[in-house]
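One structure below.
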Amino acid sequence: MSVTILSSQIISFIRSVFIFRYQYWCCAFLLALLCCVGALLTSSIFRDGIKIETSLQALLPQDKNHKIVQLASDKLFAASGNKVVLLVESDDRRLVLQAAAQVEERLGASPVFHLIDDTFIQHQSDVLLNTLGSQPFNFLSDDHRQQLSQGEVSVLLNDAHMALFDLVGADGVLPPDQDPVGLFNDWFSSAYSPPDNILREDGFLFVSGSSAKLVGELSDGLSGELKASSTFSILIVAELVGDALGTNVQDHVIQLMSGVYAALPEGVTLSRSGMIFHAAETAAKAKQDIMLVAIGSTIGIVVLFLFAFISPMPLLVSLTSIFFGCAAGAIITHSLFGELHVFTLVFGASLIGVAIDYSLHFFASLYYPDTGDSLSAEGSQSAEGSLSAKGSLSAEGSQSVEDTQNTKRSAYDTVAGIFPEISAGLLTSLVGFGCLLQSTLPGLDQIALFSMVGLASSWLFVVVLYPRICGTPNSPSLAKRFRALSIIAMAPSVFWRRLGLNRVKAIYFLLFVFAIAILWLNIQWSNDIRSLNVSSPELLQEEARIRQKLQRQGANQFFIVAADSPEALLREEEVFSEALTLLTKTPALQAYDAVSSYLPSEQRQIDNYQLIEKTFFSDSRVMETFMQGLGFSAKAMREYMSAFEKGKNSVLTPEQWLKSASPELAMLWLGDLDGRYASIIALQGVSEVVALEALASRFENVLFVDKVADISLSLSSQRDQAGYLLALAYFGIACLLLLRFRRAKALLLIVVPLLASLLTVAVLSLLKIEIGLFHLFGLFLVLGLGMDYGIFLTGPSSEKERVLVAVFLSAITSCLSFGLLSLSSIPMINAFGGTILLGSLFNLLLVPLVSLLGETRREEAKEADPGDSDSRTLDSEISKLNSVTSQ
Amino acid sequence: MNVASVLSCTFVIVMSLSASVFASASADVNADVNEKANAKVVEKSNVEPNQNALTLEKITDQIELKPFLRGAFRQERTLKGFNRTLVSSGQYYFWKDHGLYWEVQKPFFRATTFGNDLTISWSSPGEVSSSTAPKLIQKQISKVLIAVLGADIETLQRYFVATAHYNPVADGGEEGDKRGVTDNGEAGERDEASAKKLTWSMQLEPKDFATRKALKQLDLIGGTSIHEIRVTSSNGGITHIQFSGPNMLEQPLKKQCELYYPQTTEEMCQ
């Protein structure tokens, strides 16, 4: 913020030194520079391609405290971004099979989906078994390790012998000649055991709702076992071919899924889960919002302009300036960030309502007749004083204003006349948006930069090009239109004035008291992550349904284990897993998935091999005797012994395992992260977070991650941070005002947005809306807009009526664009838009109060410092306003 | 989409894929990677689909099963790497809707009850060594076994492509049933008593690729009940089970019932 204050001082200094003509050419140079840079950047964007980001992951707060956690989250996200899971359900088995077949057929025929079918799965399991089976003597289940360590070999051999005669026997993943005792088979079936609620039947994956008691009739087939709550559920998994975030793919998926839903037989339901559905929904909603805001704002602006200025020229020029601002914002933001988030475009579309202000002030000043003659002579003097106090107009500009009163002015003079106000307006908006840059939500950086560049570019366009392209109007109807508009625009001023000063003061005081009382009693803060949620309730319900079916409730919590080497990491996991296994015997946790369950550390593999060697292959030749007794051929025995010898000192490394492991298991291995190796331990059925946290705290290299809690905490701290930044923004703008007017009463200007903000939050609280981060971000704009209105009103008093009309038109456009945002179905945009809509309305209602309250202090100020031209300026301006409103 | 959705989504996908892979891997036996997975089930039978359906329907009608069936079996298993056949014999009880009791008597005693809710191992007659709720995959195996022994064709067809034909009868009194059924199911109009003497063969090939990698083929031979089962594993192992002396009853005796419900109340096994 100190930078902002410093820059404002520099600007004041520049403005006090240079005359407008120099400022104009400076602006022209900046515009030319902007155009050149923009052209260069545009060519590079077209060369590299435009990238529109629709994933909300980009907007989520980054975990800066633990880089490793962020990397883990990113990896999880990347690993599953292109998968979709569908759940087809019905009470009727025949129907569910028919529907699932239909869905598979449609997905299979689609060019964007690749069904994860038998072929794919079998290939994966083949590769995995080949890798693991190449080292069959390195793996032992916990039970077998214990038995062998305690020398309980006879039981083991007896069981293996008997199993050969079982009805269902000798059917492990390795045949008896490769695993006579069944050691590897036992380890494999315990480590890679299938979930107990999913079965294959009729070529489909049937899922049960609960692993509790499964009761079924044989007539229902095996899926009858899975028929929980009399519903048959079939799981379909597919992989997305192409970019889930590509708009073409999203459009195709939306179309495909609507076809799938339409073709579902009656009595069948379909649930979806997958990033693509969220991304497609987000993109569709964002597109809808952009269309709503852009079209709504544009129509509003077209109607307003045609009514207010009759000629289509102001409209076309204004739209061009807005387009220029948006294009510049988009190009520079895209170039700096390498992409544009779709939310940036949504918020950007709402900027139309702010950027149009500059055009409105220009055309109101250029097109409407001057009312200076209706004011007292003091008006012109004070206008002069005002200008000199600001020191921003050249003698030429100043002279022009004086000379052309009651006459039509040139566009150049008009720009010179409004330059201080629109510049101050821009500055306050930049301060407001600049504060958003302080947020740690990454998406807001883009929004802030887009808005700042967009507004500054529109401002440059107005200042530099309007004098060159706008002619002097010549329509006899303009005066009538102006009169009509000014009656409406002045209504609030007239209303306040008729109440009388004392009543106004009382109302002002009461409003403050009311707002503060409401806030004190009713305000409810929210750090609910649902505010970041844009997915439809239907999609969330469907996802919850799939999660419930698959019994994955603890999806947002996991452990991260870190160590200096892959081997150290696996050993660390093995030690931690022992403690975790104990925890699974309590209600705190149901189960967990760790890499070391699937791939023991090298040390453990060697230990296992040595244990087997000592037990079966030592001098006692237990294995040889056993195989001989069973009737194995001499050849089979030789091959088995030879395989054992070959396996000596060879271990399966994480690199080898990762090549064969399914992507879903490999995802648990985070690998090398800045010199440290890390892995994830996924959890199922978490019911006592405290116990998990306590366990992790006992291990130096283990971190418990609770994403929901972390994000809620992050939102909470960002909300606090936003509150401080807002206070800082008020302070910064107060300093700017003091620098500009050099009188404390200038601070009255800041009272308008302050009270408007308080009232906005009070009304929201009364409506039982919880105040969150995005409401606070909206308040930054309320501050910026409120300051704009106030500052515009501090311009030359001869302009007051025109300024009030311009402020009125400006407030209408703001309300229109932000009001349309408040209709958004996306909670964060809705909160943002709603806050600004209310804030703008309060700003518009309260702005005239500045002049009324200022009036009460005028005499006092004069007494205090009769020679102070600055104080005269503000007071006289306020008195002009009063005289106008009283007419 | 909130972060919960993002992560939930991730884990849902992980879970479902893992499920698929694990379910597949567990059923696999010494997989040969070179055998590409895109092999479709080829219906080797020359029998027309409609004709096959009629045959299966007729077999279903022909099966005569009372709620409780008691019989003897002899099992011969030939496994890769062995220089002898593993022979065992014993008795079995098949109790409809309650499960299968399989008792190996030779070369040693070993018995298992594949019940609906329990898998019970017997260390000696009447002595339970373990009683556990079976995992779903184990239940799947026992249900298939029960469907095989009960010749429950409807259930079997959920897992296998079934092709069937009637075998020529040795006594010459009956014609080969292939012909009879080929004639648009006219066999159904034959004399019912003679039809019951017909024997049939059924070939079952797993529909599911994962199961196919473990189990190449199941061959059943039967009449009014199952006579023989031949299991050909993908790794070359062959198990041949012959059944004899089936004795059908309306309900089991108390001691037989207790093999299914060893710790239940008396009412259950009166």
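The values are calculated or read from the model by the stated rules, or taken from the named source; none is laboratory data. From a predicted model like this one, the values you see are computed outputs, not experimental measurements. Neighbour counts are summed over all protein chains in view; Cβ atoms, including those assigned to glycine, are modelled from backbone coordinates with ideal geometry.
For A:LEU611, state whether it is aliphatic (A, V, I, L, M), buried (at least 16 other Cβ atoms within 10 Å of the Cβ) and touching a strand residue (DSSP E or B) at 6+ places or on another chain (Cβ under 9 Å).
Details: aliphatic (A, V, I, L, M): yes; buried (at least 16 other Cβ atoms within 10 Å of the Cβ): yes; touching a strand residue (DSSP E or B) at 6+ places or on another chain (Cβ under 9 Å): no.
When the stated conditions are applied, A:LEU611 does not pass them.
Take the residues in region A:540-568 that are closer than 22 Å to A:ALA694 by Cβ, out of contact with any Asp or Glu (no Cβ under 6 Å at 6 or more places or on another chain) and at pLDDT 90 or above, then tell me which one is farthest from the other protein chains (Cβ to nearest Cβ). Talk me through it step by step, then tell me what you get.
Going residue by residue through region A:540-568, those that are closer than 22 Å to A:ALA694 by Cβ are A:553-563.
When the remaining residues are screened for being out of contact with any Asp or Glu (no Cβ under 6 Å at 6 or more places or on another chain), the result is A:553-556, A:558-560, A:562.
Then keep just the ones that are at pLDDT 90 or above; that gives A:559-560, A:562.
On the way: A:PHE559: 14, A:ILE560: 13, A:ALA562: 20 Å.
Restricting to residues being closer than 22 Å to A:ALA694 by Cβ, out of contact with any Asp or Glu (no Cβ under 6 Å at 6 or more places or on another chain) and at pLDDT 90 or above, the top hit is A:ALA562.
Looking at A:ALA678, A:ALA591, which one is out of contact with any Ser or Thr (no Cβ under 7 Å at 6 or more places or on another chain) and either in contact (Cβ under 8 Å) with a residue 40 or more places away in the chain or under 30 Å from A:ALA238 (Cβ atoms) (or both)? From the options A:ALA678, A:ALA591, the qualifying one is A:ALA678. A search for C-beta distances below 9 Å between a residue of region B:225-251 that is at positive phi and in a strand (DSSP E or B) and any residue that is of a type in the set (D, E, K, R) and loosely packed, with under 15 Cβ neighbours inside 10 Å, counting only pairs 6+ apart in sequence or on different chains, returns nothing.
Taking each residue of region A:291-307 that is hydroxyl-bearing (Ser, Thr, Tyr) and looking for partners that are surrounded by fewer than 19 Cβ atoms within 10 Å (Cβ to Cβ) and part of a helix (DSSP H, G or I) with beta-carbon atoms closer than 9 Å, six or more apart or interchain, yields A:THR298/A:LEU319. State whether one or more residues within region B:100-107 are surrounded by fewer than 19 Cβ atoms within 10 Å (Cβ to Cβ), more than 10 Å from every other protein chain (Cβ to nearest Cβ) and farther than 24 Å from B:ILE226 by Cβ. No, because not a single residue in region B:100-107 is surrounded by fewer than 19 Cβ atoms within 10 Å (Cβ to Cβ), more than 10 Å from every other protein chain (Cβ to nearest Cβ) and farther than 24 Å from B:ILE226 by Cβ. Applying the criterion of being part of a loop (DSSP other than H, G, I, E, B) and touching a Gly at 6+ places or on another chain (Cβ under 7 Å) to the residues of region A:577-596, the residue that is modelled with the lowest pLDDT is A:GLN590. Go through region B:61-78 and give me each residue that's modelled with pLDDT under 90 and buried (at least 21 other Cβ atoms within 10 Å of the Cβ). Answer for region B:61-78, where residues must be modelled with pLDDT under 90 and buried (at least 21 other Cβ atoms within 10 Å of the Cβ): B:GLN62, B:LEU69.
Pairing residues of region B:127-153 that are within 9 Å of another protein chain (Cβ to nearest Cβ) with residues that are among the acidic types (Asp, Glu), at Cβ distances under 6 Å and at least 6 apart in sequence or on separate chains, gives B:LYS135/A:ASP196; B:LEU136/A:ASP196; B:LYS139/A:GLU225. Listed by first and then second residue, the pairs linking a residue in region A:716-742 that is at positive phi and assigned to a helix (DSSP H, G or I) to a residue that is buried (at least 20 other Cβ atoms within 10 Å of the Cβ) and modelled with pLDDT of 80 or more, with Cβ atoms under 6 Å apart and 6 or more places separating them unless they lie on different chains, form an empty list.
In region A:762-781, is there at least one residue being closer than 20 Å to A:LEU844 by Cα, modelled with pLDDT of 85 or more, in contact with a His (Cβ under 8 Å, 6 or more places away or on another chain) and part of a helix (DSSP H, G or I)? Taking every residue of region A:762-781 in turn, at least one turns out to be closer than 20 Å to A:LEU844 by Cα, modelled with pLDDT of 85 or more, in contact with a His (Cβ under 8 Å, 6 or more places away or on another chain) and part of a helix (DSSP H, G or I).
Pairs linking a residue in region B:78-93 that is more than 9 Å from chain A (Cβ to nearest Cβ) to a residue that is in a loop (DSSP other than H, G, I, E, B), with Cβ atoms under 8 Å and 6 or more positions apart or on different chains, are B:THR78/B:THR85; B:THR78/B:GLY237; B:TYR93/B:PRO252.
Just to be sure, is B:VAL29 under 20 Å from the mean Cα position of the chain (by Cα), within 7 Å of chain A (Cβ to nearest Cβ) and modelled with pLDDT of 85 or more? Quick ask: steps written out before the conclusion?
Numbers: under 20 Å from the mean Cα position of the chain (by Cα): yes; within 7 Å of chain A (Cβ to nearest Cβ): yes; modelled with pLDDT of 85 or more: no.
Judged against the criteria, B:VAL29 is not a match.
Is at least one residue of region A:51-68 at pLDDT 65 or above and acidic (Asp, Glu)? Scanning region A:51-68 turns up at least one residue that is at pLDDT 65 or above and acidic (Asp, Glu).
Here is a yes/no grid of residues against (1) within 13 Å of another protein chain (Cβ to nearest Cβ); (2) of a type outside the set (A, V, I, L, M, F, W, C); (3) at positive phi; (4) buried (at least 17 other Cβ atoms within 10 Å of the Cβ):
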{"residue": "A:LEU95", "(1), (2), (3), (4)": "no, no, no, yes"}
{"residue": "A:ALA99", "(1), (2), (3), (4)": "no, no, no, yes"}
{"residue": "A:GLU104", "(1), (2), (3), (4)": "no, yes, no, yes"}
{"residue": "A:SER110", "(1), (2), (3), (4)": "no, yes, no, yes"}
{"residue": "A:ASP117", "(1), (2), (3), (4)": "yes, yes, no, yes"}
{"residue": "A:SER125", "(1), (2), (3), (4)": "yes, yes, no, yes"}
{"residue": "A:SER134", "(1), (2), (3), (4)": "yes, yes, no, no"}
{"residue": "A:LEU140", "(1), (2), (3), (4)": "no, no, no, yes"}
{"residue": "A:GLN146", "(1), (2), (3), (4)": "no, yes, no, no"}
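Enumerate the helices (runs of 4 or more DSSP H) found wholly within region A:603-680, keeping only those where 2 or more residues are away from every other protein chain (no Cβ under 14 Å) and more than 30 Å from A:ASP564 (Cα to Cα).
Details: elements: A:622-630, A:634-646, A:654-660, A:663-666.
Hits in region A:603-680: A:622-630, A:634-646.
Which of the following residues is at pLDDT 75 or above and loosely packed, with under 15 Cβ neighbours inside 10 Å: A:LEU426, A:LEU430, A:LEU437? Before the answer, list the steps.
Numbers: A:LEU426 fails: loosely packed, with under 15 Cβ neighbours inside 10 Å; A:LEU430 fails: loosely packed, with under 15 Cβ neighbours inside 10 Å.
One residue alone meets the criteria, A:LEU437.
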